[in-house]
Amino acid sequence: MQFQQLLYFVAVAETRHFTRAAEQVHVSQPSLSQQVRALEKELGAELFSRARGNIALTDAGEALLPLARRILADADTARIEVQELAQLRRGRIRLGATPSVCTGLLPEVLRAFHDRHPGIQLLLEEGGSHDLVRELARGALDLALVVLPLPSPSPALTTVELLREDLVVVSSPDAPGLGKTVRVADLERHRLVMFRHGYDLRELTVAACRAEGFEPDFAVEGGEMDAVLGFVQAGLGVAVVPRMVAERAGRGLRMTPLARPGLHRTIALAHRSDVAPPRAARELQRMLLAPPGVQ
């Protein structure tokens, strides 16, 4: 049984005329008649009574008609659904990002994407790069914003560098002992507010301190980004955070650059190499990689 045969059958059933039905579906009358005969042969029953030129449905035809209409309607629904996805009217994106990227980079891009494609559902998962790489590998995410280098290089992932960001020191406005710039070695004299395990910023900061020959002293540790900024603002200690995050934090925090060569991190957009991201995810990828003002 072919889709076209059902289409021709319904046209004849509705017009009760083979010629008019052929005109309706834009096919020659002999071709339409041949396909209806083939359908009857396939089903083993006549669908139309053709006595004296009058076209009427047989019992078999009456039974098939609502089923055929339902199949055609479902096919039309499927076509519309696929077109809506292709034209970015519907769909979803499963996006992973480190918490600091969620705070700094994503809000404006996601707002622009949502304004342009309001029917696309955005599902966001926050986590460290190690966790996000694992979720990408098992197919739970379409895209992820991760920090390079990856904790464990994966040939199954494709990464594209997005930006290189400076890290700065944030403190409460009245914190003593901070000049116009801070060296990593100077952090030995300050207690740090430290992120939980799994944060790329934690690993980077601790590694930088150890490279200067000391173990950092934690005033409090284990927080997420908002908690860390709140503890710093309350005067519990200082923290090393991305410049973009510090600039968005607003009043209540002092931002001090790190002296050269400073500390930096590279943010990359990652996806699986063996599976192309969905159409909506590719559009978000394009907006993330586009230069400012070109989205």
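The values are calculated or read from the model by the stated rules, or taken from the named source; none is laboratory data. Bear in mind that the values here come from a model prediction, so they are computed numbers and not experimental data. FYI the Cβ positions are ideal-geometry reconstructions off the backbone, even for glycines, and counts take in every protein chain you see. Side chains are part of the model used for accessible areas, which takes the heavy atoms of the whole protein and leaves out ligands, DNA and RNA. Shrake-Rupley method; radii C 1.70, N 1.55, O 1.52, S 1.80 Å.
List of remarks:
- Fraction of accessible area attributable to carbon and sulfur, region 14-120 (%, probe 1.4 Å): 50
- Solvent exposure of Ser31, expressed as accessible area, is near 50 Å², computed with a probe of 1.4 Å over the protein chains only.
- Of all DSSP beta bridges confined to region 162-295, the antiparallel ones make up roughly 65%.
- For the pair His17 and His197, label points projected 7 Å from Cα toward Cβ lie 8.1 nm apart.
- Value at 222 nm in deg cm²/dmol, rounded to 500, when DSSP H runs of n ≥ 4 in the chain each add -39,500 (n - 2.57): -13500 deg cm²/dmol
- Springs between Cα atoms under 10 Å define the GNM used for the chain, and in it the highest mean-square fluctuation of Ser172, Ser129, Ser28 occurs at Ser28.
- P(r), alpha carbons of region 44-113 - 5 Å bins starting at zero, rounded %: 3, 12, 11, 11, 9, 8, 7, 7, 7, 5, 4, 4, 5, 4, 2, 0
- Stretch gain in nm, segment Glu125-Leu150, where the contour uses 0.36 nm per residue and the Cα spacing is subtracted: 7.2 nm
- FRET efficiency, 1/(1 + (r/R0)^6) with R0 30 Å, evaluated for Glu81 and Arg37 via beta carbons: 0.35
- Taking amide H positions as modeled 1.01 Å from N, with prolines and chain starts lacking one, the residues under 5 Å from Gly91 and 5 or more places away or on another chain are Gln121.
- Principal-axis tilt of helix 29-43 within the chain, Cα atoms, nearest 10 degrees: 80
- For region 252-259, the Karplus equation 6.51 cos²θ - 1.76 cosθ + 1.60, evaluated at θ = phi - 60°, returns couplings of x, 9, 9, 10, 10, x, 7, 5 Hz by residue, with Gly and Pro reported as x.
- When the chain is treated as a Gaussian network with alpha carbon springs shorter than 10 Å, the biggest mean-square fluctuation among Ala60, Ala276, Ala140 belongs to Ala60.
- The chain: most fluctuating residue of Pro242, Pro30, Pro107 per GNM, C-alpha cutoff 10 Å: Pro30
- Length-normalised contact order of region 111-224 in % [C-alpha pairs under 8 Å, at least 6 apart]: 23
- Compared with the alpha-carbon gap, the fully stretched path from Arg260 to Glu247 is longer by 2.7 nm at 0.36 nm per residue.
- Reference-scaled alpha-carbon Rg (2.2 N^0.38 Å with N residues) for region 1-41: 0.96
- At a probe radius of 1.4 angstrom, the accessible area of the chain per residue rounds to 53 square angstrom.
- If both residues of a DSSP beta bridge must be in the chain, then about 60% of such bridges are antiparallel.
- The mean sequence separation of alpha-carbon pairs under 8 Å and at least six residues apart, normalised by the residue count of the chain, gives a relative contact order of 20 percent.
- Angle in degrees between helix 106-116 and the longest Cα principal axis of the chain, rounded to the nearest 10: 20
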